[in-house]
Amino acid sequence: MKVLLVSPRTPDTFWSFRHALPFIKKKAGHVPLGLLTVAAFLPREWKLKLVDLNVSHLSDADILWADYVMLSAMLVHRDSALDVASRCRDLGRPLIGGGPLFTTGCETFSEIPHRVLGEAEDLMGDLIRDMIAGCVRPVYEERKKPDLKNVPVPRYDLLDFKDYACMSVQFCRGCPFDCEFCDVVLLNGRVPRTKTADQVVRELESLRSAGWKGPVFLVDDNFLGHKPRVKELLRRMIEWRERTGARVDFLTEASVNLADEPEMMSLMVKAGFTKVFVGIETPDVENLRSCNKLQNVRRDLADSVRKIHAAGLEVMGGFIIGFDGDTEDVFQRQFDFIQKAGVVTAMVGLLNALPGTRLYRRLASEGRLLDESDGNNTKCACNFVTKLGREELLSGYRDLMRRLYEPETYYERARILLRECKLSGPSVPIGWREVHAFFRSLWHLGVLHSGRAAYWRFLGHALAHHPKAFGLAAALAIYGHHFRVVAQTL
């Protein structure tokens with residue numbers, strides 16, 4: 001059996017890093033982990049080919065080579081996924097689609113003849129038998145949440161490592177919290193399920209032994225979902241690093257109550273974690289209560305950010321504009337909080353109602369839905385009738401994003417991070433790629449760019465006051481360039 005695995009193209013978004021990748025000669029920020037996991041269930045004697053449209057072109061010959069085409073997509077991939085579906089139909093090749101796009105999307109997706117809805121692990125046996133028999137059903141639907149202890153090591157061997165800036169590994173699915181706007185509980189449930197520590201270490205070792213030396217993203221919905229197992233994993237990761245001499249940086253996503261866990265943060269730093277994405281959303285307590293983000297309510301959010309920074313972890317923050325309680329001062333309040341807290345990478349998005357969420361159902365019942373979300377929450381669009389005037393909301397959002405990523409304000413936050421984040425220096429050795437990226441940034445950001453004066457002042461400050469973190473400072477400058485381009489195109 002010959003199977004073609006296709007990952008759709010991701011549009012130019014905040015997290016695509018499309019304008020930063022050329023500096024490090026990479027084509028994509030992250031790997032299609034869902035497809036690599038599905039591929040691990042397919043019989044080893046089958047012939048598999050991966051085409052990631054973020055790094056390569058999908059030819060008609062690729063499609064015609066395959067007995068089946070498998071496509072995994074999120075909401076943001078809708079247009080690219082439908083284009084792939086159209087080409088498969090025209091060339092007469094059966095297409096099997098899976099992922100959040102088809103699981104929670106309100107459309108029927110008649111363009112996709114075969115769909116896997118929900119988590120696929122427990123459905124793979126039936127699907128493989130039907131593929132062999134040539135009678136694949138229109139729909140395979142998750143009956144219960146799978147046990148992640150039965151998930152094999154993803155097929156990282158299908159990748160060309162040189163194309164990617166970061167690898168992905170998953171430890172946990174699900175989140176114990178239930179924020180109104182979030183679709184994690186809808187997709188993966190409120191009871192966190194984890195792999196074993198040994199499983200994760202095997203996956204890390206498979207990457208290390210294959211030659212990967214870059215960062216690894218633990219793509220959990222909430223890394224703190226099951227704290228005792230997280231601590232067990234971190235101790236095993238520390239042992240693995242010491243035993244193998246692996247020098248890999250990790251990043252992940254966690255709720256803000258990480259700030260209450262000094263032992264956890266210490267273990268994370270020892271295991272090689274350098275960054276954590278935290279959903280801060282808004283400094284407005286009533287808005288946090290209204291969207292059921294209660295874990296953020298009974299605390300000083302700026303102080304929580306400082307505690308995480310002080311532990312040695314950079315906070316990448318998620319923020320939301322467009323809650324019903326937002327007033328005309330929301331833009332300045334968000335700006336002031338982000339600057340004061342030193343959240344350098346601040347993803348501010350307009351609230352959108354994702355299909356199937358409690359927010360989506362509430363707005364539908366109130367007659368306020370306008371259209372379906374495309375999953376890109378840093379696009380200047382909102383898919384429901386807002387309480388704050390629409391034009392005021394959109395123009396205020398554009399202005400906020402541009403102010404946040406102006407060179408002076410961006411580098412001001414970066415200086416706060418360098419001062420507060422207790423860094424011991426980079427764990428990943430500096431290679432020719434990093435050197436090339438640095439010298440390329442000197443030319444593009446230090447000579448060609450209009451913000452060159454602020455750039456040189458920032459590098460000089462970092463070199464004089466934070467020499468151990470100079471590599472981080474140089475990287476932050478490059479990331480800032482990407483974010484600035486995204487903000488200017490809103």
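In table form, for the structure just shown:
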| item | result |
| --- | --- |
| Hull shadow area, averaged, region 38-190 [alpha-carbon convex hull, nm²] | 10.0 nm² |
| Residue-averaged 222 nm ellipticity for the chain, from DSSP H runs of 4+ at -39500 (n - 2.57), nearest 500 | -12500 deg cm²/dmol |
| Of Lys213/Lys270; Lys227/Lys270; Lys26/Lys270; Lys275/Lys379; Lys275/Lys307, those spanning more than 20 Å from alpha-carbon to alpha-carbon | Lys26/Lys270; Lys275/Lys379 |
| Cβ-based exposure ranking for His19, His114, in which fewest neighbours within 10 Å come first | His19, His114 |
| Label point distance in nm, Arg452-Asp147, each placed 7 Å from Cα along Cα→Cβ | 6.3 nm |
| Scattering curve values for region 53-126, log₁₀ I(q)/I(0), Debye with Cα scatterers, q = 0.17, 0.28 Å⁻¹ | -0.64, -1.40 |
| Computed E for Arg190/Val435 - FRET, C-beta separation, R0 41 angstrom, nearest 0.05 | 0.35 |
| Theoretical gain in end-to-end length, Arg299 to Cys135 [0.36 nm per residue, Cα-Cα removed] | 53.5 nm |
| Normalised contact order of region 202-252, rounded percent, pairs of Cα under 8 Å and 6 or more residues apart | 58 percent |
| Quotient of C-alpha Rg and 2.2 N^0.38 Å, computed over region 213-305 | 1.20 |
| Estimated FRET transfer efficiency (Glu286, Met1; beta-carbon r; R0 45 Å; 0.05) | 0.20 |
| Computed label-point distance, nm, for sites Glu328 and Glu366 using a 7 Å Cα→Cβ extension | 2.1 nm |
| Centre separation in Å (Cα based) which lies between region 95-136 and region 58-89 | 13 Å |
| More than 39 Å apart - percent of Cα-Cα pairs taken over the chain | 22 percent |
| Residue order, fewest to most surrounding Cβ atoms within 10 angstrom, among Glu328, Glu420 | Glu328, Glu420 |
| Relative contact order %, region 2-141, counting alpha carbon pairs below 8 Å whose residues are six or more apart | 25 percent |
| Contact order relative to length of the chain, as percent, for alpha carbon pairs under 8 angstrom and 6 or more apart | 13 percent |
| Gain upon complete extension [Ser59, Arg202; 0.36 nm per residue less C-alpha separation] | 48.1 nm |
| Cα centroid separation, region 208-241 to region 1-32 (Å) | 23 Å |
| Alpha-carbon Rg/Rh ratio, for region 293-354, with Rh computed the Kirkwood way | 0.97 |
| Bridge type composition, the chain - antiparallel percent by DSSP, nearest 5 | 5 percent |
| Added length on full extension, which subtracts the Cα-Cα distance from 0.36 nm per residue, Ala464 to Ala210 | 87.6 nm |
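Bear in mind these aren't lab numbers, they're just calculated from the coordinates by the rules spelled out. What you are looking at is a predicted structure, and each value in this text was computed from that prediction instead of being measured. A quick note on method: Cβ atoms are made from the backbone with ideal geometry, for glycine too, and the neighbour counts reach across all protein chains shown.
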